[in-house]
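Trainee: Here it is, the structure in full.
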């Protein structure tokens, strides 16, 4: 047996703990921790598990609402009532650091982890989404990361059998060394079949189920809590390896056990493995546990207690079951050919005692390890970013007026941030489970709830350039735009999960971005009555070059209360009238136009007024319910001209031209590409014109008739013509051409 | 008689629920799940081997599933003329089990592909395609290994016996290279056994049996089976 290292301050520092934190541990225990205990504390107090630098700020978010069945952070995922005795569990999580060094497995295990968070709630996953950000595709390593991440997400979800129904992909140099891979999962559960991550009842057995434990992923949580550097490549062994087949078996067995009623509590083993699940479940149940690691099925010889406790081997769960029902539970896992071993029992002394090879290897109080208990909580220093003085003082009048609007548009429309991500989503099974009404490529994904008349609308969204230029407004816009997308599909926005990707929180300018963005999100969530149900914070998204743009990704859940409300983005028939709802303010700051045509990320983010936004959303949703709307598409990157072009071609089975006039108040090139918020392009049947206009007037919403659908070309302002064929080629083939060469 | 459908559940099947729901709720057939470890098809009239990733498909798609206990009964049932449909992974299992000729190899693109495609019914099967020969249906595919391969003699035999039931085509029914999504020999999307009672196909008809999802074009196969069983 290898002799364990002597615990010292140096060793604690190597484990990522601070001097202050090491002193705190000694104080809590009344002695120096042994090596195993140091390992447990170091992962439990890592940023990834403890949220020590974010929790104070997160607690300012609105986290209650009449539809929420569990509070934010209380369980593995949020749980929202959708009526009919059904609830939706949903959550988004990052897997950025692993994906930066091992894109395929990093992304795959990200999907695996978030799926387990959903089915440990008792919910069957019915949809997956994601939000991905990479450097630009001119770089070969970026292409490798992009290809690997997409394949990893696809292979895991496809094999597991969850449809990947939507997502977003952005490319910007700031993500070159540190891509962002955020995975979201959505599950459905009956109210009376939910499960909780809790350990109670002295004497109840504790079981480990699923895969065997190996040496993979040790200190994954710690790795996720530091910046990416040249040394990161050496951390490749910290990345776990996914096995979606075992996960699928684990899903079926877990749901069967929950349904049978034998379960007290269950938790996924993600970050920090057995350490995290035993401490968190005990702390939540105000219990203790006695665990014997000799019983843990291992896949390698000679593992130490430290290694078994910190392993992040995937596809494992910790279950507490009712005493006397162990055999029945084992029989279910047996049926699915999965390990199921009793490794200990719940105790009532509030201590976690871990034994291995006849020795007591750890003796700690779970409460001391966890978030909300003894884990440290910090509020970091903030400082207004210095770059604001440059970005905010940009003079837009200095930009040369674009003479050739046709060419300018084709350039903007070819931007990799705008064109279709067909190359990506065709690698995902978007239809399995036969609920997908609207798959990837529209404003939001629409997933049918079988045996009801309802559907869910789902969306992930964030424009990080806006957040970079104005964290407060950018945070608000991320929420507002997600909700707008839900409404465009005919849904009522219900609740939010978020994945907050930022740089190093110890840098005051980064912490300013973080706290302001969260404040903005909170304000928008309150205005739209969409509480935050949980999510994930990922700090340290920095590479030697720079920090990523602050990227608070929103995952939005919406409810479509009647299937007849389902609306899609694209034009439906010739001769329909096209309207723009909302009012343009010719805002070019942070726009795709500014970046693509002028190579600049300058100015302020577009303005956002939540009262205007609310009014727009309620008017649009009511118009949809009144059957006045045939198509609805949010105006975002690339402005109104891009939105209209997309409406023409998104449905490749029936592309329809349009003839539109977009009035400019100051400059034509600004009005066409402006990204002013709270705007939507709709098409309506001419017979409904009067009703629609009157309804807008009644609601005090500004609408502008832009033109008519029809023909095989898009004509803008009477002068600029685009054939549907040329638009189709650019939109659907740009990315595949790059990736297939 | 109302036919009784049995949907086999292998570990890793993930279109089993879809097939069950479509048959039972959308088409109104008597439908049951059949657990792969059992040795009974429980009086099923039609057996569905559903899509998914049986045993993770880590070795070769379908290579382990063919050894599942229930496959003995499925083989016996098929040899006696029982109706068996393998969809996607089910098609792969049928080829591995030698209930159908040929093999399904990695897509030409080397990537998984999920999208709607068009298939043409290129032969009349009184079991599976009664009255729809020559018609074109829009049906989705979702697979990484759907590239049908068979050597020349085998292909000739398939042709001579009119065993090729579905071929990938464009919207207008033209069987072109551009409409071949995975590199399959002669755009083959589905074939039958010599006796015509076993069908393997890569497209997913069970995914398109609901107007709510906007496409019911997969129903014809199951309705054809019902019609056939009623009239024998």
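The values are calculated or read from the model by the stated rules, or taken from the named source; none is laboratory data. Computed from a predicted structure; not experimentally measured. No Cβ is skipped: glycine too gets one built from the backbone with ideal geometry, and neighbour counts run over all protein chains shown.
Trainee: Which condition from (1) in a loop (DSSP other than H, G, I, E, B); (2) over 26 Å from the mean Cα position of the chain (by Cα) is the one that residue A:256 breaks?
Mentor: It fails just one condition, (1).
Trainee: Starting from the stretch A:229-254, take each residue that is within 14 Å of chain B (Cβ to nearest Cβ) and more than 13 Å from residue A:316 (Cα to Cα) and list its partners that are surrounded by fewer than 23 Cβ atoms within 10 Å (Cβ to Cβ) and at pLDDT 85 or above, counting only C-beta distances under 7 angstrom and pairs at least six apart or across chains.
Mentor: A:252/A:336
Trainee: Oh, and also: Which number in (1) on the phi > 0 side of the Ramachandran plot; (2) loosely packed, with under 15 Cβ neighbours inside 10 Å marks the one condition that residue A:16 misses?
Mentor: The one condition residue A:16 does not meet is (2).
Trainee: Given the residues A:379, A:341, A:345, which is the only one that is part of a strand (DSSP E or B) and in contact with a helix residue (DSSP H, G or I) (Cβ under 8 Å, 6 or more places away or on another chain)? Break it down into steps so the answer makes sense when it comes.
Mentor: On the way: A:379 fails: part of a strand (DSSP E or B); A:345 fails: in contact with a helix residue (DSSP H, G or I) (Cβ under 8 Å, 6 or more places away or on another chain).
Answer to the check: A:341.
Trainee: Then there's this: Going residue by residue through the stretch A:453-474, is there one that turns out to be within 13 Å of chain B (Cβ to nearest Cβ), farther than 22 Å from residue A:619 by Cβ, modelled with pLDDT of 95 or more and part of a loop (DSSP other than H, G, I, E, B)?
Mentor: Looking only at the stretch A:453-474, we keep the residues that are within 13 Å of chain B (Cβ to nearest Cβ), and these are A:453-455.
From what is left, the residues that are farther than 22 Å from residue A:619 by Cβ are A:453-454.
Subset that is modelled with pLDDT of 95 or more: A:453-454.
Retained after the next criterion (residues that are part of a loop (DSSP other than H, G, I, E, B)): A:453-454.
Looking through the stretch A:453-474, at least one residue is within 13 Å of chain B (Cβ to nearest Cβ), farther than 22 Å from residue A:619 by Cβ, modelled with pLDDT of 95 or more and part of a loop (DSSP other than H, G, I, E, B).
Trainee: As an exercise: evaluate residue A:207 against (1) touching a strand residue (DSSP E or B) at 6+ places or on another chain (Cβ under 7 Å); (2) modelled with pLDDT of 95 or more; (3) surrounded by fewer than 20 Cβ atoms within 10 Å (Cβ to Cβ) and give the number of the one condition it does not meet.
Mentor: Among (1) touching a strand residue (DSSP E or B) at 6+ places or on another chain (Cβ under 7 Å); (2) modelled with pLDDT of 95 or more; (3) surrounded by fewer than 20 Cβ atoms within 10 Å (Cβ to Cβ), the lone unmet condition for residue A:207 is (3).
Trainee: Return the total of residues in the stretch B:68-82 being farther than 16 Å from residue B:199 by Cβ and part of a helix (DSSP H, G or I).
Mentor: So the answer is 5.
Trainee: Against the definition (modelled with pLDDT under 95 and farther than 26 Å from residue A:51 by Cβ), how does residue A:192 come out, yes or no?
Mentor: yes
Trainee: For the stretch B:189-232, name all the residues that are under 18 Å from residue B:4 (Cβ atoms) and within 12 Å of chain A (Cβ to nearest Cβ).
Mentor: B:206, B:209
Trainee: Among the residues of the stretch A:306-328, count how many are more than 19 Å from residue A:49 (Cβ to Cβ) and either touching a residue at least 40 places away in the same chain (Cβ under 8 Å) or crowded, with 24+ Cβ neighbours inside 10 Å (or both).
Mentor: In the first step, residues of the stretch A:306-328 are kept if they are more than 19 Å from residue A:49 (Cβ to Cβ); the result is A:315, A:319-328.
Imposing the further condition that a residue be either touching a residue at least 40 places away in the same chain (Cβ under 8 Å) or crowded, with 24+ Cβ neighbours inside 10 Å (or both) reduces the set to A:315, A:319-323, A:325-326, A:328.
The total comes to 9.
Trainee: Determine which member of the set A:168, A:193 is more than 13 Å from chain B (Cβ to nearest Cβ), over 17 Å from residue A:535 (Cα atoms) and out of contact with any strand residue (DSSP E or B) (no Cβ under 6 Å at 6 or more places or on another chain). Break it down stepwise before answering.
Mentor: Details: A:168 fails: out of contact with any strand residue (DSSP E or B) (no Cβ under 6 Å at 6 or more places or on another chain).
Going through A:168, A:193 in turn, the sole match is A:193.
Trainee: Can you tell me which residue in the stretch A:329-373 is nearest to the chain's Cα centre (by Cα), limited to those that are surrounded by fewer than 16 Cβ atoms within 10 Å (Cβ to Cβ) and within 14 Å of another protein chain (Cβ to nearest Cβ)?
Mentor: A:337
One line per residue, one yes/no per condition, for (1) in contact with a strand residue (DSSP E or B) (Cβ under 8 Å, 6 or more places away or on another chain); (2) away from every other protein chain (no Cβ under 14 Å); (3) at pLDDT 95 or above; (4) not in a helix (DSSP H, G or I):
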{"position": "B:42", "(1), (2), (3), (4)": "yes, yes, yes, yes"}
{"position": "B:66", "(1), (2), (3), (4)": "no, yes, yes, no"}
{"position": "B:86", "(1), (2), (3), (4)": "yes, yes, yes, yes"}
{"position": "B:92", "(1), (2), (3), (4)": "yes, no, yes, no"}
{"position": "B:110", "(1), (2), (3), (4)": "no, no, yes, yes"}
{"position": "B:116", "(1), (2), (3), (4)": "yes, no, yes, yes"}
{"position": "B:125", "(1), (2), (3), (4)": "yes, yes, yes, yes"}
{"position": "B:134", "(1), (2), (3), (4)": "yes, yes, yes, yes"}
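Trainee: Check whether at least one residue in the stretch B:144-155 is buried (at least 24 other Cβ atoms within 10 Å of the Cβ), in contact (Cβ under 8 Å) with a residue 40 or more places away in the chain, in a loop (DSSP other than H, G, I, E, B) and within 14 Å of chain A (Cβ to nearest Cβ), and report yes or no.
Mentor: Yes, that holds for at least one residue.
Trainee: Still on this structure: Based on what the data block shows, is residue A:94 touching a helix residue (DSSP H, G or I) at 6+ places or on another chain (Cβ under 7 Å), crowded, with 24+ Cβ neighbours inside 10 Å and modelled with pLDDT of 90 or more? Reasoning before the result, please.
Mentor: Values: touching a helix residue (DSSP H, G or I) at 6+ places or on another chain (Cβ under 7 Å): no; crowded, with 24+ Cβ neighbours inside 10 Å: yes; modelled with pLDDT of 90 or more: yes.
So residue A:94 fails the test.
Trainee: Now a separate question. Mind counting the residues in the stretch B:46-57 that are in a loop (DSSP other than H, G, I, E, B) and facing chain A (nearest Cβ under 7 Å)?
Mentor: Total satisfying the criteria: 1.
Trainee: Looking at this structure, is residue B:60 surrounded by fewer than 19 Cβ atoms within 10 Å (Cβ to Cβ) and modelled with pLDDT under 95?
Mentor: Numbers: surrounded by fewer than 19 Cβ atoms within 10 Å (Cβ to Cβ): yes; modelled with pLDDT under 95: yes.
Answer is yes for this residue.
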